[in-house]
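Colleague: The following block contains the structure, expressed as structure tokens.
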Amino acid sequence: MSYTNTLTRADLAETMNRLVGLSRADSAVMVESILDHMIDALVDGENVKISGFGTFVLRDKGERTGRNPKTGIEVPIAPRRVLTFRASQTMRDRIIAAG
């Protein structure tokens, strides 16, 4: 596994290969399958909860008025859907303990 500041799909597949014993190709397919399943659920408007990790939540934000900080002119901000992540308490505790 590479030790940059980013965890990649390849890193996940490599770890699965080492720990579970799946072939590299099967590990990569498994990682892609899991991520695709998560994306499909989010596209369908479902939240994704991974126990002990966290929850990906979709929120619909309504239209609102914003202000251009340079000119001060008010502009409408269109309604949109945003994706947020809320870490589980278990994850928070582990991160704090590791810090």
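Colleague: Mind listing which GluC sites (Glu not before Pro) in segment 1-76 are in a DSSP loop and have 13 or fewer other Cβ atoms within 10 Å? Don't jump to the answer; show the numbers that get you there.
Modeller: Working: sites: Glu14, Glu32, Glu46, Glu63, Glu74; in loops: Glu46, Glu63.
Taking segment 1-76 and a limit of 13 other Cβ atoms within 10 Å, the loop GluC sites (Glu not before Pro) found are Glu46, Glu63.
Colleague: Mean-square fluctuation check for the chain, GNM, Cα pairs under 10 Å: which of Gly72, Gly21, Gly62 is largest?
Modeller: With Cα springs under 10 Å in the chain, the top fluctuation among Gly72, Gly21, Gly62 is at Gly72.
Colleague: Would you give the gap between the C-alpha center of segment 69-87 and the C-alpha center of segment 1-47, rounded to a whole Å?
Modeller: If you average the Cα positions of each part, the centres end up 31 Å apart.
Colleague: Between Thr65, Thr55, Thr84, where does the largest GNM mean-square fluctuation fall for the chain, given springs only between Cα atoms within less than 10 Å?
Modeller: Residue with maximal mean-square fluctuation among Thr65, Thr55, Thr84: Thr65.
Colleague: Please state the Cα pair-distance histogram of segment 51-99 with 10 angstrom bins from zero: what percent is in each bin?
Modeller: Here the calculated profile for segment 51-99 is 22, 27, 22, 22, 8.
Colleague: Ratio of segment 1-46's C-alpha Rg to 2.2 N^0.38 Å, to two decimals?
Modeller: Working: Rg = 12.2 Å, N = 46, 2.2 N^0.38 = 9.4 Å.
The reported ratio for this selection is 1.30.
Colleague: Give the label of the value calculated from the structure for P(r) over Cα pairs in 5 Å bins from 0, in percent, choosing from [x] 3, 14, 27, 29, 20, 6, 1; [y] 2, 13, 23, 23, 14, 10, 8, 6, 2; [z] 2, 10, 11, 14, 17, 14, 11, 8, 6, 3, 2, 1.
Modeller: [z]
Colleague: Please identify, among Asn68, Asn47, Asn17, the residue showing maximal mean-square fluctuation in a Gaussian network model of the chain using a 10 angstrom Cα cutoff.
Modeller: Asn68
Colleague: Another question about this same structure. Select from segment 1-95 those trypsin sites (Lys or Arg not before Pro) which occupy a DSSP coil region and have at most 11 other Cβ atoms within 10 Å, ordered by residue number.
Modeller: Lys70
Colleague: Looking at segment 9-99, which chymotrypsin sites (Phe, Trp or Tyr not before Pro) are in a loop (DSSP not H, G, I, E or B) and have at most 15 other Cβ atoms within 10 Å?
Modeller: Here the chymotrypsin sites (Phe, Trp or Tyr not before Pro) that fit, given the DSSP loop and packing criteria, are Phe53.
Read-outs throughout are calculated quantities, based only on the coordinates presented, and are distinct from any laboratory measurement. Just so it is clear, the structure is predicted and the values come from calculations on it, not from any experiment. Every residue, glycine among them, receives a Cβ derived from its backbone with ideal geometry; neighbour counts consider all protein chains shown.
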